[in-house]
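Participant: Here it is, the structure, as C-alpha cells.
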Amino acid sequence: MSWSRSWSRSRSSSWSSTAWLHRRIVRAPAAKPADMTGKTVVVTGASPGSLGAATARLLAEWGAEVVTTTRSGGSHPLDLTDSGSVRRFAGWYGEQHDTLDVLINNAGIHLDLMSDWKEPRLSADGYELHWRTNYLGTMQLTHLLLPTLLRTAERTGEARVVNVVSKLHLRGRNAHMFSPPPSYSSWNAYGQSKLALVHATHELQDHHRAAGVRAYALHPGAVCTGIATKGLEGHPVVGTVRKALGPVERLFLLTPEEGAQTTLMCATEPGLEGGRYFVGCRPVPASDEAEDREVAGRLWKETEALVSGL
Ligand SMILES: NC(=O)c1ccc[n+]([C@@H]2O[C@H](COP(=O)([O-])OP(=O)(O)OC[C@H]3O[C@@H](n4cnc5c(N)ncnc54)[C@H](OP(=O)(O)O)[C@@H]3O)[C@@H](O)[C@H]2O)c1
C-alpha cells in the first residue's frame, strides 16, 4: 500500500470517528424532509456559514423556491436596522412574487459577548442595536410582508412565519419592555429582543390564525456559526484561543445544518400547531415572562403603530 493511500485512509478514519463522537455528543434531532415543490420561502440572514444559509440550502433541496437576504451581498440586500432597506426589500419582493408560503425571520445579532459595553450602542435612528435588529426590523419586515402571507393563506389554506429566537429570551423582562432597564447588559438586551419576538409569535398567531397564518418561535441550539466571532470583535486574544480550540468547539456545537432542523420542522411539518416555542424539534414551554398576554397585546399594538411609521 502506498504511503499516501494509507495516510488518507487513516485521516478519513479519524474524521469519521470525530464525526461519530460529535453525533454522540450533540444528538441533534432531524426534521422530516418535506416536499416543498411550488412553495416560496424567504430566509433572512443567510450569510455563508450561518444558520440561514443552511436552512435555505436544505429547503431548496426539498424543492422550495428560496429567497435569501444578507447585509453584505451575495443575495438580496436587507439591513433590518434601516427602515428604507426593509421597505425596499419588501417592495422588491412584492413586485416579483405574488405568493409567500413561509417567512423565516432568522437574521439576528448578539454583540459584545464579553460585556464591555456599559451603555447601549444605538442604531442610526436611535434604538438599542439588538432591539432594532432582532425585534423592530424583523417586525417591520413581517408587517410589510403580511398582506402577501395572508393572500397566500387565502389561496392555499396556510402560510407560516417562523421566528428564530433563542433560549436566552429567558433573560428578557416584561418590566423593561416599554422602558429601558436601570443598567445596560448586552446579554439582557439580546434576551429582551428575543422575548419580544416570542410575544410577537403568540400575537401573530392569535390575530391571523383564522385567516390561515401560523407562527412559530424556536431556539436552534448552540450552533457553530459566525455569531460568536462577531460578538467577540475587539478581543483578538480570545479570538486566537477560540481558533486554537476550534476542533474541540466543533465537537460540542451543532453544525449549521443540525441547527437548522427545528427551523425546518416549523417551516414544513404538515399540521404543526402554531403559537408555540420549539427546541430540538419539540414544543417546550417558553419562559414565564413569555406567558404574559397583556404585555404581548400591548407590545403588538405599540409595535404595529411604530412600524407603520418607519
Ligand atoms: N448560533 C447560535 O448558537 C444561536 C443560538 C440561538 C439563537 N441563534 C439565532 O439564530 C439566528 C441566526 O444566527 P447565526 O448563528 O446563523 O449567526 P450569523 O452566522 O452571525 O448569521 C446572522 C445573519 O444575520 C444577518 N444580520 C445581522 N445583522 C443584520 C441586519 N442589521 N440586517 C439584516 N441582516 C442582519 C447576518 O448578516 P451579515 O453577515 O451581513 O452580518 C447574517 O446573515 C439569529 O437570530 C441568532 O440570534 C443562534
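Participant: Once the dipole of the chain is set up with Lys and Arg at +1 and Asp and Glu at -1 on Cβ about the Cα centre, which of 256, 175, 40 lies farthest towards its positive end?
Facilitator: It is 256, whose Cα lies furthest towards the positive end.
Participant: Additional query: Among 161, 268, 184, which residue has its Cα positioned farthest towards the positive end of the charge dipole of the chain, with +1 placed on the Cβ of Lys and Arg, -1 on the Cβ of Asp and Glu, and the dipole taken about the Cα centre?
Facilitator: 268
Participant: Can I ask one more? Cross-link list 32/230; 118/243; 118/230: which exceed 23 angstrom alpha carbon to alpha carbon?
Facilitator: Beyond 23 Å: 32/230; 118/243.
Participant: May I pose another question? Using a 10 Å cut-off on Cβ atoms, rank the peptides 235-242, 78-85 from the highest mean neighbour count down.
Facilitator: 78-85, 235-242
Participant: A follow-up question, please. Ranking 265, 114 by Cβ neighbours within 10 Å, fewest first, what do you get?
Facilitator: 114, 265
Participant: Continuing with this model, one more query. Farthest toward the dipole's positive end in segment 8-152, which of 54, 85, 15, given Cβ charges of +1 (Lys, Arg) and -1 (Asp, Glu) about the Cα centre?
Facilitator: Farthest towards the positive end: 15.
Participant: For a test of the definition: using alpha carbon positions, the gyration tensor, and the 1.5 limit on a/c, classify the chain as rounded, prolate or oblate.
Facilitator: In terms of gyration-tensor shape, oblate.
Participant: Separate question: Give, in nm to one decimal, the length gained when the segment between residue 252 and residue 298 is fully stretched (0.36 nm per residue of separation minus the Cα-Cα distance).
Facilitator: On the way: separation 46, 0.36 × 46 = 16.56 nm, distance 3.96 nm.
So the chain would gain 12.6 nm between residue 252 and residue 298.
Participant: If each residue of separation counts as 0.36 nm, what is the full-extension length gain between residue 115 and residue 155 once their alpha-carbon separation is subtracted?
Facilitator: 9.6 nm
Participant: Once you have a ≥ b ≥ c as the square roots of the Cα gyration tensor eigenvalues for segment 155-310, tell me rounded if a/c is under 1.5, and otherwise prolate or oblate according to whether a/b is larger than b/c.
Facilitator: oblate
Participant: Can you say what percent of the DSSP beta bridges in the chain, counting only those with both residues inside, are antiparallel? Round to 5.
Facilitator: Here the antiparallel bridges make up roughly 15 percent for the chain.
Participant: To the nearest 20 debye, what charge dipole does the chain have about its Cα centre, counting +1 at the Cβ of each Lys and Arg and -1 at the Cβ of each Asp and Glu?
Facilitator: Dipole about the Cα centre, nearest 20: 1220 debye.
Participant: Okay, next question. Note the direction-averaged projected area, equal to a quarter of the hull surface, for the Cα convex hull of segment 87-130, in nm².
Facilitator: 4.5
Participant: What's the center-to-center distance, using Cα atoms, between segment 174-192 and segment 241-280 in Å?
Facilitator: Spelled out, the Cα-based centre of one part sits 26 Å from the other.
Each value in this text was obtained by applying a stated rule to the coordinates, not by laboratory testing. This structure is a prediction, so every number in the text was calculated from the model and none was measured. Note that we place each Cβ from the backbone using ideal geometry, even for glycine, and neighbour counts take in every protein chain shown.
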